[in-house]
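A.B. asks: First the structure, which I've put down as structure tokens, then a few questions once you've had a look.
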Amino acid sequence: MDAEDLFRKLSNGAKFDLKKFQYDAQKLQVIKPRPVVGPFPIQINSQNEIRKEKVDHEEEISELKLISSITADGNKKKQLSNKDIKNKEAALNQEKINRFRNQQKISVRGNDLPPPIENFEQLVTEYGVGQDIIDNLKNLGYSVPTPIQMQAIPVMLKNQQILACAPTGSGKTAAFLVPIIHHLKGPRRKGFRAVVVSPTRELAKQTYRECLKLSEGRNLRIHIISKASIAMKKFGPESSKRFDILITTPNRLVYLLQQDPPVISLANVKWLVIDESDKLFEASEDGFRDQLAVIYRACESENVRRALFSATHTPDVARWAHKNLKGLVSVTVGHRNTAADIVEQQLLFVGTEAGKLVAFRDIVRKGLTPPVLVFVQTKERAKELFNELLYDGINVDVIHADRTQLQRDNVVQSFRRGDIWVLICTELMGRGIDFKGVNLVINYDFPPSVISYIHRIGRTGRAGNPGKAITFFTENDTVNLRSIAQMVKDSGCEVPEYLLKLKKSSKRDRRKLEKKAPKRDRISTVPLCDIKKQKKLQQKIQATKRKKEKGNEDGPQASKKKKQKP
Ligand SMILES: Nc1ncnc2c1ncn2[C@@H]1O[C@H](COP(=O)(O)OP(=O)(O)OP(=O)(O)O)[C@@H](O)[C@H]1O
């Protein structure tokens, strides 16, 4: 009888939720004991350990000094030279650093590596970072650094170029913003000295907001390129001198750079940060990679430093970074390309396309705890599902590339405020977006890649909060199913055994799926006679929303925009 059978027997044959009863299962060795990999629990739990280790380490060093003083008196056989003591001290220090990195699941490669910080105060004492930045961090509720912040901040403070990979929701944004704000000090009227590139406008806006908060009191001029600022011809060689930090999507920046003559200069840029670097390196239809090349060339200063951040790692980016970035330090937290295991994951077989709505309604019937994010593969399907759920009377909205920027902004705001409970979205929202407290992510359509799965489900389980992700799959979703099932299992969640034994999909099929979404039946169960009724309802809702949006535009948003003006 193996341990699992024994466990079942002890529990009267009941099928145990191994995730829920993880502690008992680990004790009975039904599952392997797993260290908590989520960034937040590790560091919070380990604060006492850190203190204890510090004491142990100090004791070791003073013991070393004591031995040497005894030997100096000639009471011991071998006298330790000063050099020996120094070497031994350095070895003990390194051992301590390694132990700490192991605890925090930080692995690091490169030369001249700074030790990780254990608390934000060390930034003041060891790197001369202003207390105002630490206060700003504290005001945001960041009392202890996350593992990526522990290691990436010192690396960037030492002006080293970095390739960083850490789980979704683990605080990468502050990890690159803090050193940049420190380096730039205050406004200089030299034009942009730091650029942060993000794949979507929503993410750029979020980073912009975090940058404003972290740099409060420094008067740095932070700018985000908007359609309006382009239309108003806000840029020009002189006017852009007023700014210090630029946060943007690649296409808008490239548009300005490619004007004849260019209306924006990146000649004084000291830091170029590529957030979601693997996405921006994709040679996709969006042409991100080509756009990135234009930006890269425009940052022509000899001293420009680059920092690449993402939750997922692709060999392409790593190869490029190692080849092109001098003195590169690579920092990885946890295992590469794994799902944040603070998220409880479930793979749900729904048979056919029609089964998805049934399953969704079943989840709603059992009780849905908002906010909920629902991912579909295309904007057409997002609209279809929206119509269905609207008909069900669910408090739902939808975001996709066809909506106007104002609509997109308003939807994001409403979802953040809790006015919308269920938000249907496409891959657009898959990366980087930090909605506080998303309880559930539903992959209504199976993700096109393992990387996409990691980012999508990473919209929940952020900043140490638990989350849940349910992924529907039909009999046609075979590509990547096995890999994703393995990932779910490795995170300690249950998956049906047969999924792990499926045939591995070919590279060609995986590529094909990434390039083109598979054909699926329309999402629609609304009887024809009700369609008219539904359209009317929709028009009514849209009209109310438009009214609201107009109100918002004239109201607080407009005054906020005025405030941000340089
Ligand atoms: N040191 C900290 N202590 C507490 N909360 C933090 C800390 N650092 C960041 N956070 C919070 O954690 C959440 C996730 O941070 P962030 O958006 O930077 O994650 P990320 O690693 O960039 O995620 P993704 O890979 O999905 O883009 C945010 O809500 C942020 O405010």
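A.B. asks: Please return the ranges of helices (runs of 4 or more DSSP H) entirely within region 248-324 where 3 or more residues are hydrophobic (A, V, I, L, M, F, W, C) and surrounded by 15 or more Cβ atoms within 10 Å (Cβ to Cβ).
C.D. replies: Counting at least 3 such residues, we get 250-257, 288-298, 315-324.
A.B. asks: Name the pairs: first residue in region 412-435 and under 16 Å from residue 278 (Cα atoms), second residue within 11 Å of the ligand (Cβ to nearest atom) and among the small types (Gly, Ala, Ser), Cβ to Cβ under 7 Å, at least 6 apart or on different chains?
C.D. replies: Once the first residue is under 16 Å from residue 278 (Cα atoms) and sits in region 412-435, its partners that are within 11 Å of the ligand (Cβ to nearest atom) and among the small types (Gly, Ala, Ser) give 432/198.
A.B. asks: How many residues are surrounded by fewer than 22 Cβ atoms within 10 Å (Cβ to Cβ), more than 11 Å from the ligand (Cβ to nearest atom) and more than 14 Å from residue 248 (Cβ to Cβ) if we restrict to region 199-215?
C.D. replies: The number of residues fulfilling the criteria is 1.
A.B. asks: Please give the helices (runs of 4 or more DSSP H) falling wholly within region 138-231 in which 3 or more residues are over 13 Å from the mean Cα position of the chain (by Cα) and within 18 Å of residue 128 (Cβ to Cβ).
C.D. replies: Those helices (runs of 4 or more DSSP H) span 147-157, 172-184.
A.B. asks: Quick test of your reading of the structure: residue 376 fulfils all but one of (1) buried (at least 20 other Cβ atoms within 10 Å of the Cβ); (2) under 24 Å from the mean Cα position of the chain (by Cα); (3) without any contact (Cβ under 8 Å) to a residue 60 or more places away in the chain. Name the failing condition by number.
C.D. replies: Among (1) buried (at least 20 other Cβ atoms within 10 Å of the Cβ); (2) under 24 Å from the mean Cα position of the chain (by Cα); (3) without any contact (Cβ under 8 Å) to a residue 60 or more places away in the chain, residue 376 violates only (3).
A.B. asks: Identify, from the list 172, 138, 158, the residue that is more than 14 Å from the ligand (Cβ to nearest atom), of a type in the set (D, E, K, R) and either in contact (Cβ under 8 Å) with a residue 12 or more places away in the chain or farther than 24 Å from residue 93 by Cα (or both).
C.D. replies: Answer to the selection: 158.
A.B. asks: Ok, one more. Looking at region 451-466, which of its residues are under 15 Å from the mean Cα position of the chain (by Cα) and not hydroxyl-bearing (Ser, Thr, Tyr)?
C.D. replies: 451, 454, 455, 456, 457, 458, 459, 461, 462, 463, 464, 465
A.B. asks: A further question follows. Considering only region 113-162, how many residues are surrounded by fewer than 24 Cβ atoms within 10 Å (Cβ to Cβ) and aliphatic (A, V, I, L, M)?
C.D. replies: Total meeting the criteria: 10.
A.B. asks: Which one is farthest from the ligand (Cβ to nearest atom) among residues in region 455-475 that are of a type in the set (Val, Ile, Thr) and surrounded by 22 or more Cβ atoms within 10 Å (Cβ to Cβ)?
C.D. replies: Looking at residues that are of a type in the set (Val, Ile, Thr) and surrounded by 22 or more Cβ atoms within 10 Å (Cβ to Cβ), I get 471.
A.B. asks: Would it be correct to say that residue 397 is of a type in the set (Asp, Glu), buried (at least 18 other Cβ atoms within 10 Å of the Cβ) and in contact with a Phe, Trp or Tyr (Cβ under 8 Å, 6 or more places away or on another chain)?
C.D. replies: Considered against the rule, which asks whether it is of a type in the set (Asp, Glu), buried (at least 18 other Cβ atoms within 10 Å of the Cβ) and in contact with a Phe, Trp or Tyr (Cβ under 8 Å, 6 or more places away or on another chain), residue 397 comes out as yes.
Quick grid of which residues meet (1) at pLDDT below 95; (2) more than 16 Å from the ligand (Cβ to nearest atom); (3) not assigned by TED's automatic domain parsing to the domain that holds residue 129:
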{"position": "181", "(1), (2), (3)": "no, no, no"}
{"position": "235", "(1), (2), (3)": "yes, yes, no"}
{"position": "242", "(1), (2), (3)": "yes, yes, no"}
{"position": "246", "(1), (2), (3)": "no, yes, no"}
{"position": "258", "(1), (2), (3)": "yes, yes, no"}
{"position": "262", "(1), (2), (3)": "yes, yes, no"}
{"position": "267", "(1), (2), (3)": "yes, yes, no"}
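A.B. asks: Here's a follow-up. So, of the residues in region 417-441 that are in a strand (DSSP E or B) and under 18 Å from the mean Cα position of the chain (by Cα), which turns out to be nearest to the ligand (Cβ to nearest atom)?
C.D. replies: 441
A.B. asks: Among the residues of region 392-416, count how many are under 18 Å from residue 364 (Cβ atoms) and assigned to a loop (DSSP other than H, G, I, E, B).
C.D. replies: 4
A.B. asks: Determine if region 336-353 includes at least one residue that is within 17 Å of residue 451 (Cα to Cα), free of Cβ contacts under 8 Å to residues at least 40 places away in the same chain, among the charged types (D, E, K, R) and more than 14 Å from the ligand (Cβ to nearest atom).
C.D. replies: No.
A.B. asks: From 102, 111, 93, which residue is closer than 30 Å to residue 167 by Cα and at pLDDT below 95?
C.D. replies: Matching residue, one of 102, 111, 93: 93.
A.B. asks: Can you confirm whether residue 325 is touching a Pro at 6+ places or on another chain (Cβ under 7 Å) and not assigned by TED's automatic domain parsing to the domain that holds residue 416?
C.D. replies: It is false that residue 325 is touching a Pro at 6+ places or on another chain (Cβ under 7 Å) and not assigned by TED's automatic domain parsing to the domain that holds residue 416.
The values are calculated or read from the model by the stated rules, or taken from the named source; none is laboratory data. In this text, all values refer to a predicted model and were calculated from it rather than measured experimentally. Reconstructed Cβ throughout: ideal geometry from the backbone, glycine too, with neighbour counts over all protein chains shown.
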